[in-house]
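The block underneath contains the structure these notes are about, expressed in structure tokens.
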Amino acid sequence: MRAEKQFLTDEYVERLNESPFFIATEYKGITVAEFEDLRGKLRGVNAEIHVVKNSVFVAAAAEAGVGELKGTLSGQLAIITGEAEISAAAKVVKEFAENAEKPKIRFGFVGEERLEADAVLRIADLPSIEVLRSQLLGVLQAPATQLARVVNTPASMVARAIQARVDKGE
């Protein structure tokens, strides 16, 4: 492999190893201004998009242990990687594609598991991890709150009865 290709392969391997996911998108027909707009929106969710050379990316994916990509990469592809969760990046791409009708999500990977385009789009519809955590916390706290109310009810009733007797002067 030529030195330039090896440098790119090493860069892609590093990105794949640092990211818990990647999403392959087809960017054909997207203007430079639209691409920069998408790049800025992805930056807001700690993700990056990079145009890749397919043959170099296949070699990098094999080296990073992602899985077999030979034959699945064709056309003009850009790869999205990130530091956090796939849902935030997928949500940005989905919303951007709804307005501009591009880029088209081809597939994604979370760890070593391949996700087809429809699975990535379903993940985009999920709430963020922070929202899911708060929903789970609410579900866990609800029974404890109700139990505390039930336990406190008899005590408060006794206190009101005593207070009523004191107010009557008994």
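The values are calculated or read from the model by the stated rules, or taken from the named source; none is laboratory data. Owing to the predicted nature of the structure, the values given are computational and were not obtained by experimental measurement. Don't worry about glycine lacking a Cβ; one is built from the backbone with ideal geometry, like all the others, and counts go over all protein chains shown.
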* Asked: In segment 82-91, is there at least one residue being crowded, with 18+ Cβ neighbours inside 10 Å and out of contact with any strand residue (DSSP E or B) (no Cβ under 9 Å at 6 or more places or on another chain)?
  -> yes
* Index of the failed condition, Leu38 passing every other in (1) surrounded by fewer than 19 Cβ atoms within 10 Å (Cβ to Cβ); (2) part of a helix (DSSP H, G or I) -> (1)
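Please count how many residues of segment 9-29 are closer than 15 Å to Leu77 by Cα, modelled with pLDDT under 85 and not basic (Lys, Arg).
Total meeting the criteria: 3.
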* Single unsatisfied condition, Val58 versus (1) among the hydrophobic types (A, V, I, L, M, F, W, C); (2) touching a residue at least 24 places away in the same chain (Cβ under 8 Å); (3) buried (at least 20 other Cβ atoms within 10 Å of the Cβ) -> (2)
* To do: Sort through Arg133, Arg106 and tell me the only one that's at pLDDT 80 or above, surrounded by fewer than 15 Cβ atoms within 10 Å (Cβ to Cβ) and of a type outside the set (A, V, I, L, M).
  => Arg133
* Can you name every residue in segment 128-170 that is among the β-branched types (Val, Ile, Thr) and either within 30 Å of Val45 (Cα to Cα) or assigned by TED's automatic domain parsing to the domain that holds Ser87 (or both)? -> Ile129, Val131, Val139
* Asked: Among all residue pairs at least 6 apart or on different chains, which show Cβ distances below 6 Å where the first residue, located in segment 122-139, is within 17 Å of Ala84 (Cβ to Cβ) and the second is of a type outside the set (Gly, Ala, Ser)?
  -> Ile123/Ile86; Ala124/Lys91; Ala124/Lys94; Ile129/Glu85
* Among the residues of segment 69-127, how many are outside any loop (DSSP other than H, G, I, E, B) and either within 16 Å of the chain's Cα centre (by Cα) or not assigned by TED's automatic domain parsing to the domain that holds Ile23 (or both)? -> 32
